[in-house]
Amino acid sequence: MKKYKFTISGNDYDVHLKDIEDNVAELDVNGTIYEVEIHGEVKTSKTPKLIRKPVEKMPGEGQIKKSESTGKHKVTAPLPGTILKINVSVGDVVTEGQNLMVMEAMKMENQVQTTKAGEVTAIKVGVGDSVLQDDVLIEIG
């Protein structure tokens, strides 16, 4: 923004040139905004204008895909870690909030609990196994 001081017919004016686009300038004269048209040579800007094409989505993009429910609840690892102890076996009936196993993560022992009641249909890990976050540990049917 360029600043100028003009004296016209004995009156002082503080003029701030805010923006020039093609032959139209936006001026702030003593706090009042004016858009003025410039007559004469129009200087082209050295900075190119960014013109973007509209975003075209691929077919099916942005739609929510529902996963088919098999009726099984999967208990996943809350953090990367190592399995220390498994408290259940296949065929056991578990209740909501029951401790299923103990895993070490970040040098702490963490209790892995279930959020659904049901029968343990599969145990996907063993004692001493290293798991990553969100790996399936146990399936409950």
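Picking from residues in region 38-70 that are at pLDDT below 75 and of a type in the set (A, V, I, L, M, F, W, C), the one that is farthest from Glu21 (Cα to Cα) is Ile64. Here is the figure for region 3-38: residues that are loosely packed, with under 10 Cβ neighbours inside 10 Å and out of contact with any Phe, Trp or Tyr (no Cβ under 8 Å at 6 or more places or on another chain) total 8. If you go through region 97-141 one residue at a time, how many are closer than 18 Å to Gly71 by Cα and either assigned to a loop (DSSP other than H, G, I, E, B) or hydroxyl-bearing (Ser, Thr, Tyr) (or both)? Total satisfying the criteria: 7.
Reported count of residues in region 87-111, each being more than 10 Å from Ile138 (Cα to Cα), surrounded by 13 or more Cβ atoms within 10 Å (Cβ to Cβ) and not polar (S, T, N, Q), is 6. Do we find that Ile83 is part of a strand (DSSP E or B), touching a Leu at 6+ places or on another chain (Cβ under 9 Å) and within 30 Å of Glu21 (Cα to Cα) in this structure? When the stated conditions are applied, Ile83 does not pass them.
The values are calculated or read from the model by the stated rules, or taken from the named source; none is laboratory data. The structure displayed is predicted, hence computed values, not measured ones. Neighbour counts are summed over all protein chains in view; Cβ atoms, including those assigned to glycine, are modelled from backbone coordinates with ideal geometry.
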